[in-house]
Amino acid sequence: MATVAELKAVLKDTLEKKGVLGHLKARIRAEVFNALDDDREPRPSLSHENLLINELIRESLEFNKYKYTASVLIAALCNFRLLGSSSFPASASQVAGTTESGQPVVPLDRQFLIHELNAFEESKDNTI
């Protein structure tokens, strides 16, 4: 019969392999930061430029397979106060579901980012 320590080790290994443990750790970190966040200090509204910067950071994290770090970023953005949404591009407001800050939960379309940044995409490896 397996000991408690062996069961814990197998459970931990299984959760790590499925990616669940990392996600839980990232979510706990995000909640700790939210609890420590000072609500008395007002945050600036999310400008069009910051929306694009946040999307570039999110795309970079996802491209490099930092999915747990990306989930912490999204959790942080979800708790960011919305002070106004008039500066958001129409494409961003059309995305289903936004965070409190106005940042879309679903990433913006890559072609939209390329257009907004006046960038070009390398066709052979899909890099901007």
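Multiply the residue gap between Arg27 and Ile114 by 0.36 nm, knock off their C-alpha separation, and tell me the result in nm, one decimal place.
Working: separation 87, 0.36 × 87 = 31.32 nm, distance 3.05 nm.
Stretched fully, the Arg27-Ile114 segment lengthens by 28.3 nm.
With the cut-off at 18 Å, tell me which of the pairs Lys18/Lys67; Lys8/Lys67; Lys17/Lys67 have Cα atoms farther apart than that.
Values: Lys18/Lys67 13 Å; Lys8/Lys67 25 Å; Lys17/Lys67 14 Å.
Over 18 Å apart, Cα to Cα: Lys8/Lys67.
Can you tell me the order of 55-61, 112-118, 71-77 when each peptide is scored by its average per-residue count of other Cβ atoms within 10 angstrom, highest first? Please list the in-between numbers first.
Details: 55-61: 16.3, 112-118: 13.4, 71-77: 18.4.
Order by mean packing, descending: 71-77, 55-61, 112-118.
So how far apart, in nm, are the two label points at Ala2 and His48 if each is 7 Å from Cα heading toward Cβ?
In this crude spin-label approximation the distance works out to 5.7 nm.
So if each residue of separation counts as 0.36 nm, and I subtract the Cα-Cα distance between Lys17 and Asp37, what length gain in nm does that give? Don't jump to the answer; show the numbers that get you there.
Numbers: separation 20, 0.36 × 20 = 7.20 nm, distance 3.18 nm.
Full extension of this stretch gives 4.0 nm more.
At 1.4 Å probe size, what's the solvent-accessible area of His23? Round to the nearest 10 Å².
My reading of the accessible area for His23 is about 90 Å².
Which of rounded, prolate or oblate describes segment 11-72 when judged by the alpha-carbon gyration tensor and an a/c cut-off of 1.5?
Numbers: a/c = 5.78, a/b = 1.46, b/c = 3.95.
In terms of gyration-tensor shape, oblate.
The values are calculated or read from the model by the stated rules, or taken from the named source; none is laboratory data. This one's a predicted model, so the numbers in the text were calculated from it and none came from an experiment. A quick note on method: Cβ atoms are made from the backbone with ideal geometry, for glycine too, and the neighbour counts reach across all protein chains shown. To get the accessible areas, we keep the full protein, side chains included, count just its heavy atoms, and leave off ligands, DNA and RNA. Shrake-Rupley method; radii C 1.70, N 1.55, O 1.52, S 1.80 Å.
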